[in-house]
Amino acid sequence: MPTLNDILIMLPEFYLVAAACLLLLLDAFVKPEQRPQLHWIAIAVLLVGIYLVVVGQPEQAVTAFGGMFVRDDVAEILKVFALGTTAMVFVYARPYLIDRKLLGGEFYTLMIFAVIGIMLLVSAGNLVTVYLGLELLSLSSYALVAINRDAKLPPEAAIKYFVLGALASGMLLYGMSMVYGASGMGGRPTLDLAQLHHVMSYTTAPTLLLFGLIFMIVGIGFKLGAAPFHMWIPDVYQGAPTPVTTFIASGSKLAAFGMAWRLLDGGLGDLSQHWQLMLAVLAVISLAIGNLVAIVQTNLKRMLAYSTISHMGYLLLGLSAAGPEGYAAAMFYAICYALMGVAAFGVILALSRAGFECEEIADFKGLNQKSPWMAFLMLLAMFSLAGVPPLFGFWAKVLVLEAAIHANMLWLAIVGIVFAIIGLYYYLHVIKVMYFDKPVDGSSVSLQQDKPLRIVLSLNALSLLALGLYWGPLLGWCRRAFGL
Amino acid sequence: MFNHLLSLLIWLPVVGAIPVLLAGSTRPDLARWLSLLVAVLTFVVSLFLLLQYKPDTGGMQLTESYLWIASWGVHYGLAVDGISVALILMTTFVGILVIVGAWQVIQDKPHQYMAAMLMLEGLLIGVFCATDALLFYALFEAILIPMFILIGVWGGPRRVYATLKFFIYTFFGSVFMLIALLYLYQKAHTFDLATLAALPLTMKEQTWIFFAFLIAFAIKVPMVPVHTWLPDAHVEAPTGGSVVLAAVMLKVGTYGMLRFILPIVPDAGDHFAWIIIVLSLIAIVYIGYVALVQEDMKKLVAYSSVAHMGFVTLGIFIGFLLVRESGNTTMAMLGMQGAMVQMISHGFVSGAMFTCIGVMYDRTHTRLIKDYGGVINVMPWFGFFYVLFAMANCGLPGTSGFVGEFMVILASFAANPWIALFAAFTLIIGAGYTLWLVKRVLWGEVTNEHVAHMKEINGRETFVLVAFAAAVLAIGIWPQPLVHLMDSSVSQLVQQLAIHKI
């Protein structure tokens, strides 16, 4: 029987479900001319969500519904940033959606449901909760990618995303069933992550457990977008409407980190010697494919997609260190990447307008002549993604490299740093196009005049600089969450 | 206020760049005056630094240390010794001159140019006073950003190629240093340079760390064979960019060697000193010959920079030979002092040479030697300065170029006369390429229309050249204050050479 306490622990999630349903109803009943007002309500909903997450945070980790749901500091941090970046996506998306006549309840409701999926996922204490959260996030994302259904690319991207996503979910589920089976051999079968932690010590079918682990890693790799499970990333990033891409590049990555950590450290921590090397291999392949293929891209969204793959390689560097230091570094990296991704896509959104997507790198030619401020914000985002100090992205890279060295994987750190040099080129290329090239005659990049967009985007990009200068508190927060 | 003098020096130009940027393209003159004001203020503050620093005491002074990243024990730690003070003074001095020099020359987005220059200046000062390795590294890398923009936006025709090469090349070198620093952090749990200096390391560890450091700093200096980015970057950079690059940025490489290689990996440094000495001699002799055949004036001076920086690295690493093999501390002191004086002197001389080339380029828009001839006939005053700096460049006694080279050659003679022999080649080759340059550009009849129409230097240019000339002559005629300023710091460095850490 769920008690009141269980419900209080899950209050932010329950509140968001109610709010999302309410938003859907409102959308159906308000007059068409008032529908744009939903935008502000949706942002308020998310901000209140952050408030509830932070205020209700218990001192110690607590569980609800018999261990199905865990509320700890890791979950808190990931939820705060997932909600925050989603609110930023809402702000950036408004002019884009208005120009394309997409502004309405569906977008906001689906986004909020996706965020609820993230929140469940990062708080999961049970394999079933993991799967539920993942599916809620994925199904909402599939629909969001296809939200601009009259355009050519989005439905194609959505189908690709769906087919591959379903396959990966299947793999994950298959792996979970094997782990469940292994836990039943020699003991009581369980789906609870905390109990699964010790399966290795008593199971009579360790091979089955390992097989389960491998299938689960496939699912995690897909969700992170780590090579060789990265095939969907470029098409979805490019094909999806830019606000949705922004969301997939930010909130979704936080969720993927949360899921990986819950499953690997929480559930299968005893097998860390096995998955450590698997993750290291995934990291190396991601770094190589992401960085090398990004060099030849001409579409900025596609280039950023490959850059995501390489960034997930860095995140895996931290995860594969398999220790609290490494997890803290990886979470720091996920947060950092979410902020950088939102900023980079935010600039694309700020430069897009009706009938013009501003997503080719060539569209940025001579941006410094036309809009020095936007060019500067993009410069910050690019240098941060490239990992040049003093920007935020540099410190995130330093942390994961340190974690890898700490875990006696100096070779992995060296691979990581070598690919950072290669990756530098394509980010510099964007800056080169913006600053050194002359604007093409006839192309008129006109800015979105939306005030909130400009203000929030500016703060977002400047935060990359500010956090680069003073990242101690954030790191401290991440480390405390892992008991350091 | 005075216990934050170093912070003030770093942040004044960096923060000062913001109003310059905001002054915007609509009021370029306001931006120019603002940036000049910031640069002059920074220079004045650096003079206070000179007064505050006590050269007789030695050691790191004016220490500032705040816990920056608590969970990692990273400090925002600043302090200076005599060498830092000299380099900071040179930076702030050159900082004014590049802004005055760019006054009329940069017409396209002057506010952005000035702001980038100021940020560069602030970051460079930061590099020269960081006592925390991670802070040093962050600043060391961050200087690439404004330089990248400076070359890429205001540079010559092949600026994009040059600036990308510059950025990726130097980034490539420094990342290995980052790995080495993280490795050291695993052992020492701190990035504090003084603690790292006391950390015992095995020879194997020292070797790897030595090469990681070496690759970072050798590219920055630059040493042969990783100097190839320099001619490109210099040729394409705007005059101010070239001046800062040659005068200050190259010194970051040798300064890094003093702060990292010497104290942290002294045994590997001793073991591999011969590599550096050979590479330095190659730089001095071979690059000197390369400079001889250049047709582009900027390239010629760029190569001569590589050769002159060879003296700095030679002077630093000859100390290992002297101290560890013959215990000759006096001569090691002399060599190290020579290297330091050469660093400062080369800053002024190369900066002045690039300014001179910039002055000619602004009038004719060509840097090729064959497009000139008989410039002295139309610009006698300019010719006067040009010859003066050329003499300093080939090390004429009485100019700053002589002092450092002479001291380094003396010290290397004590170590091994053969080293001195090759080092002394510079007196011939340096004179060769510089005097031949002067002959082809300045002397003779006016060769073409363009040269005939060149105008004499204006007041602004005269100011810059006079300032450079004063510095060059001051160090050349009376180097004692400069030597005294760095004396105790240099002797501490030499003592460090003898310490075994295994």
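Looking at region A:395-406, which of the residues that are touching a residue at least 24 places away in the same chain (Cβ under 8 Å) and facing chain B (nearest Cβ under 7 Å) is nearest to A:LEU315 (Cα to Cα)? The selected residue is A:LEU401.
Counting just the residues of region A:3-60 that are in contact with a strand residue (DSSP E or B) (Cβ under 8 Å, 6 or more places away or on another chain) and more than 25 Å from A:GLY251 (Cα to Cα), which one comes out surrounded by the fewest Cβ atoms within 10 Å (Cβ to Cβ)? Per the stated criteria, the residue is A:ASN5. A Cβ distance below 9 Å, combined with a sequence gap of six or more or placement on separate chains, defines the contacts here; from region B:1-23, residues that are in a loop (DSSP other than H, G, I, E, B) reach residues that are at pLDDT 90 or above and surrounded by 15 or more Cβ atoms within 10 Å (Cβ to Cβ) in the pairs B:MET1/B:LEU8. Quick check on my filter: what residues within region B:123-136 are more than 16 Å from B:ALA247 (Cβ to Cβ) and part of a helix (DSSP H, G or I)? Within region B:123-136, B:GLY126, B:CYS129, B:ALA133, B:LEU134, B:LEU135, B:PHE136 meet the criteria. Only one of the listed residues (B:ILE168, B:ILE149, B:ILE179) is surrounded by 23 or more Cβ atoms within 10 Å (Cβ to Cβ) and either on the phi > 0 side of the Ramachandran plot or part of a helix (DSSP H, G or I) (or both). That residue is B:ILE149.
Rundown of residues vs (1) hydroxyl-bearing (Ser, Thr, Tyr); (2) in contact (Cβ under 8 Å) with a residue 24 or more places away in the chain; (3) away from chain A (no Cβ under 14 Å); (4) farther than 19 Å from B:LYS299 by Cα, yes/no style:
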position	(1), (2), (3), (4)
B:PHE166	no, yes, no, no
B:GLY173	no, yes, no, yes
B:LEU178	no, yes, no, yes
B:ALA233	no, yes, yes, no
B:PRO238	no, yes, no, no
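The helices (runs of 4 or more DSSP H) found wholly in region B:305-424 and carrying at least 1 residues that are among the aromatic types (Phe, Trp, Tyr) and either touching a residue at least 24 places away in the same chain (Cβ under 8 Å) or within 23 Å of B:PHE260 (Cβ to Cβ) (or both) occupy B:329-364, B:380-393, B:400-415. Of the residues making up region A:330-365, those that are farther than 12 Å from A:MET378 by Cβ and of a type in the set (Val, Ile, Thr) are A:ILE335, A:VAL342.
Being over 22 Å from B:LEU493 (Cβ atoms) and either without any contact (Cβ under 8 Å) to a residue 12 or more places away in the chain or among the polar types (S, T, N, Q) (or both) is the requirement here; does B:ALA102 meet it? No, not satisfied. Taking the criterion of being in a helix (DSSP H, G or I) and more than 17 Å from A:VAL430 (Cα to Cα), the only residue of region B:152-165 that qualifies is B:TRP154. Among the numbered conditions (1) crowded, with 24+ Cβ neighbours inside 10 Å; (2) within 30 Å of A:LEU279 (Cα to Cα); (3) among the polar types (S, T, N, Q), the only one that A:ASN368 does not meet is (2). Since B:GLY173 meets every condition but one in (1) at pLDDT 90 or above; (2) crowded, with 19+ Cβ neighbours inside 10 Å, which condition does it not meet? Among (1) at pLDDT 90 or above; (2) crowded, with 19+ Cβ neighbours inside 10 Å, the lone unmet condition for B:GLY173 is (1).
The requirement of being modelled with pLDDT under 90 and either assigned to a helix (DSSP H, G or I) or over 30 Å from A:ASN126 (Cα atoms) (or both) is satisfied by A:ASP270. Return the residue satisfying two criteria in turn: it lies in region A:433-448 and is surrounded by 18 or more Cβ atoms within 10 Å (Cβ to Cβ) and at pLDDT below 85, and of such residues it is nearest to the other protein chains (Cβ to nearest Cβ). Ranking the qualifying residues of region A:433-448, first place goes to A:VAL445. For region A:377-391, the tally of residues that are within 12 Å of chain B (Cβ to nearest Cβ) and touching a residue at least 60 places away in the same chain (Cβ under 8 Å) stands at 5.
Pairing each residue of region B:149-160 that is at the interface with chain A (Cβ under 8 Å from one of its Cβ atoms) with any residue that is among the acidic types (Asp, Glu), provided the two are 6+ apart or on different chains, yields C-beta distances under 9 Å for B:GLY152/B:GLU236; B:VAL153/B:ASP108; B:ARG159/B:GLU236; B:VAL160/A:ASP437; B:VAL160/B:GLU236.
Residue-wise test of (1) of a type in the set (Phe, Trp, Tyr); (2) within 15 Å of the chain's Cα centre (by Cα).
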residue: B:LEU62; (1), (2): no, no
residue: B:TYR76; (1), (2): yes, no
residue: B:ALA79; (1), (2): no, no
residue: B:ALA102; (1), (2): no, no
residue: B:ILE106; (1), (2): no, no
residue: B:PRO110; (1), (2): no, no
residue: B:VAL127; (1), (2): no, yes
residue: B:THR131; (1), (2): no, no
residue: B:LEU135; (1), (2): no, no
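One residue stands out among those in region B:175-224 that are within 28 Å of the chain's Cα centre (by Cα) and among the polar types (S, T, N, Q): the one that is nearest to B:ILE143 (Cα to Cα), which is B:THR195.
Restricting region A:418-432 to residues that are surrounded by fewer than 21 Cβ atoms within 10 Å (Cβ to Cβ) and aliphatic (A, V, I, L, M) leaves a set whose member that is nearest to the other protein chains (Cβ to nearest Cβ) is A:ILE421. Can you name the condition, by its number, that B:PHE140 falls short on among (1) crowded, with 24+ Cβ neighbours inside 10 Å; (2) away from chain A (no Cβ under 12 Å); (3) in a helix (DSSP H, G or I)? B:PHE140 satisfies all of (1) crowded, with 24+ Cβ neighbours inside 10 Å; (2) away from chain A (no Cβ under 12 Å); (3) in a helix (DSSP H, G or I) except (2). In region B:48-71, of all residues being in a helix (DSSP H, G or I) and touching a residue at least 24 places away in the same chain (Cβ under 8 Å), the one that is farthest from the other protein chains (Cβ to nearest Cβ) corresponds to B:LEU50. Could you tell me whether A:LYS451 is more than 19 Å from A:ARG302 (Cα to Cα) and at pLDDT below 90? Criteria met by A:LYS451.
If you check A:LEU339 against the conditions, is it over 16 Å from the mean Cα position of the chain (by Cα) and either buried (at least 24 other Cβ atoms within 10 Å of the Cβ) or not basic (Lys, Arg) (or both)? So A:LEU339 does not fit the description; no.
Those helices (runs of 4 or more DSSP H) of region A:348-441 in which 2 or more residues are more than 30 Å from B:PHE136 (Cβ to Cβ) occupy A:367-370, A:372-386.
Do we find that A:SER286 is assigned to a helix (DSSP H, G or I), touching a helix residue (DSSP H, G or I) at 6+ places or on another chain (Cβ under 6 Å), under 29 Å from A:ALA146 (Cα atoms) and not aliphatic (A, V, I, L, M) in this structure? The answer is yes for A:SER286.
The values are calculated or read from the model by the stated rules, or taken from the named source; none is laboratory data. Not measured: the values here are computed from a predicted model. FYI the Cβ positions are ideal-geometry reconstructions off the backbone, even for glycines, and counts take in every protein chain you see.
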